[in-house]
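These notes are about the structure you will find just below.
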Amino acid sequence: MNKILNLSPLLCALLFVLIFVFCADLPFSPNSADPSISIVLGDLRQSPDGTWLSDLLPTGGREANHANALNKSITNRAVIDEVKILVLDMTQWQSEAEFRQAWEAMNESALIDSSTHDSTKDFWDNVIRMFQSYTRDKYRFAGEFTLEIDGSVARGTINAKPGLNYFFIALREQGTTQLWFERFFTVSENEELNTICFGCGPEVRITFPPEDTTFTTNVINVSGTVGDDTVSTAKLILGEVSQTIPVNNGQFSNPVVLSVGTNTIIVQASNADGTGSDRVTVEFQGDSTALRATLIWDSNDTDMDLQMENPNGEVCSFVNPVIGGMKLDVDDADGFGPENISVNQPISGEYITRVVNFSASAGFGTTATVYIFRDETLLEIRNHTFSVSDVNNTWEASRVTLP
Ligand SMILES: [Ca+2]
Ligand SMILES: [Ca+2]
């Protein structure tokens with residue numbers, strides 16, 4: 001016979017009062033003497049990864065609505081008002097694989113007790129009720145925790161028993177729940193090892209330029225490190241211009257073209273865990289340009305060439321980098337760009353910007369993107385894909401008439 005049933009009603013009532021008094025804030029939390037786990041959710045704006053719970057939920061009727069709520073995307077991630085973590089104690093299992101194998105072997109529909117769903121409760125409450133209804137042979141519902149939100153990052157500390165645990169992490173916006181991540185995690189007895197960063201990706205550090213540097217040249221080299229040697233490319237973002245840059249053995253160094261005034265430079269790198277980024281803000285004090293063209297492209301070890309022809313028929317390119325009031329500020333011969341031509345001494349008439357596919361890497365083409373700035377403001381973005389056989393072909397990207 002179940003031992004609980006042998007308890008006298010008085011003892012049960014006493015236990016209830018003790019549980020209520022001592023655990024009022026976190027009624028289902030594991031004992032605070034359990035190892036603590038520091039959790040960081042790196043970027044809440046990233047797409048969630050969650051299908052497993054959808055599979056668990058019954059289909060049809062109100063339960064289908066719950067499944068829909070789970071998959072409903074939160075439209076404005078800026079107003080996420082709650083981040084919750086639900087912890088299942090899986091310490092009776094040696095590994096995630098062992099549990100999943102046992103779960104697959106079960107008749108799931110027989111396990112799902114739709115009577116646990118209560119139409120007066122919201123989705124999150126029903127998820128908890130559902131998990132609580134299983135807390136017998138397969139796992140134990142250990143508790144729910146709330147993380148602190150700071151912009152798009154959430155942080156907090158939770159406690160869980162040493163051994164295998166399951167974390168179900170949900171974002172909630174005005175009562176709408178979205179599964180963000182689910183993860184099995186083995187809690188160590190040694191608390192220093194219990195740090196989890198979901199969706200954080202590799203650590204990115206911009207080492208040059210330092211924050212708040214003022215430059216008098218418009219092309220600077222951005223360099224730094226990516227904390228994952230297997231990452232081979234990163235994204236370099238400055239205003240509207242977003243380009244791929246190579247990363248070799250965790251190091252990057254690539255030119256970037258500044259606009260007059262304040263520039264925020266962002267470098268992002270991704271791996272299977274998510275996206276990491278760093279940013280610096282610098283100032284460029286120089287003459288504003290009447291017209292400027294920036295070229296980037298999307299494959300490494302290929303050479304694109306930017307050209308600009310002024311109304312007098314003079315052509316600025318790597319052959320004549322300074323001519324007719326135009327200047328090729330930066331040239332690139334090995335992939336991704338940027339190349340940039342600035343018009344510092346404008347003359348009245350039409351300027352034509354062209355891109356020449358100087359070399360093509362074997363096996364794939366290259367998409368070139370040209371950003372045209374008029375008086376330091378983005379006027380247009382044009383792109384064109386060169387096929388592998390388009391070697392030495394020219395693409396006319398833009399025509400702009402200056403007064
Ligand atoms: Ca080139
Ligand atoms: Ca390059």
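Here are a few things to note about the model shown:
- When the stretch 250-259 is filtered for residues that are surrounded by fewer than 17 Cβ atoms within 10 Å (Cβ to Cβ) and either under 23 Å from Thr216 (Cα atoms) or within 16 Å of ligand 1 (Cβ to nearest atom) (or both), only Ser253 remains.
- Candidate set: the stretch 279-303, residues that are within 14 Å of ligand 1 (Cβ to nearest atom) and hydroxyl-bearing (Ser, Thr, Tyr); chosen: the one farthest from Leu236 (Cα to Cα): Thr302
- The set of residues in the stretch 167-211 being among the β-branched types (Val, Ile, Thr) and surrounded by fewer than 15 Cβ atoms within 10 Å (Cβ to Cβ) consists of Thr195, Thr207.
- Top-ranked residue of the stretch 235-284 - restricted to ones that are closer than 21 Å to Asp329 by Cα and of a type in the set (Asp, Glu), ranked as modelled with the lowest pLDDT: Glu240
- Some residue of the stretch 212-219 being surrounded by 13 or more Cβ atoms within 10 Å (Cβ to Cβ), touching a residue at least 24 places away in the same chain (Cβ under 8 Å) and under 30 Å from Ile158 (Cα atoms): no
- Taken over the stretch 234-249, residues that are in a strand (DSSP E or B), of a type outside the set (Gly, Ala, Ser) and away from ligand 1 (no atom under 16 Å from the Cβ) amount to 6.
- The stretch 304-324, residues that are crowded, with 20+ Cβ neighbours inside 10 Å and either away from ligand 1 (no atom under 14 Å from the Cβ) or without any contact (Cβ under 8 Å) to a residue 40 or more places away in the chain (or both): Asn310, Cys316
- Only listed residue being within 16 Å of ligand 2 (Cβ to nearest atom), part of a loop (DSSP other than H, G, I, E, B) and not assigned by TED's automatic domain parsing to the domain that holds Leu41, chosen from Thr302, Thr294: Thr302
- A search for C-beta distances below 6 Å between a residue of the stretch 325-340 that is more than 17 Å from Ile372 (Cα to Cα) and any residue that is within 11 Å of ligand 1 (Cβ to nearest atom), counting only pairs 6+ apart in sequence or on different chains, returns Asp332/Glu339; Ala333/Asp303; Gly335/Thr302.
- Close pairs from the stretch 375-403: first over 21 Å from Asn312 (Cβ atoms), partner of a type outside the set (Gly, Ala, Ser) and in a loop (DSSP other than H, G, I, E, B), Cβ under 6 Å, at least 6 apart: Glu376/Val260; Leu378/Glu240
- Residue ID - farthest from Ile128 (Cα to Cα), chosen from residues in the stretch 180-195 that are assigned to a strand (DSSP E or B) and over 16 Å from the mean Cα position of the chain (by Cα): Thr195
- Pairs with Cβ under 7 Å, 6+ apart, first in the stretch 355-369 and farther than 12 Å from Asn392 by Cα and of a type in the set (Phe, Trp, Tyr), second within 16 Å of ligand 2 (Cβ to nearest atom) and at pLDDT 85 or above: Phe364/Ser299
- The criterion of at least 3 residues that are within 14 Å of ligand 1 (Cβ to nearest atom) and in the same structural domain as Pro255 (by TED's automatic domain parsing) is met by none of the strands (runs of 3 or more DSSP E) wholly inside the stretch 327-403.
- Any hit, the stretch 225-233, residues being among the acidic types (Asp, Glu), over 30 Å from Ala293 (Cα atoms), touching a Pro at 6+ places or on another chain (Cβ under 6 Å) and part of a loop (DSSP other than H, G, I, E, B): yes
The values are calculated or read from the model by the stated rules, or taken from the named source; none is laboratory data. Just so we're clear, the structure is a prediction, and the values are computed from it rather than from any experiment. We place every Cβ from the backbone using ideal geometry, glycine too, and count neighbours over all the protein chains shown.
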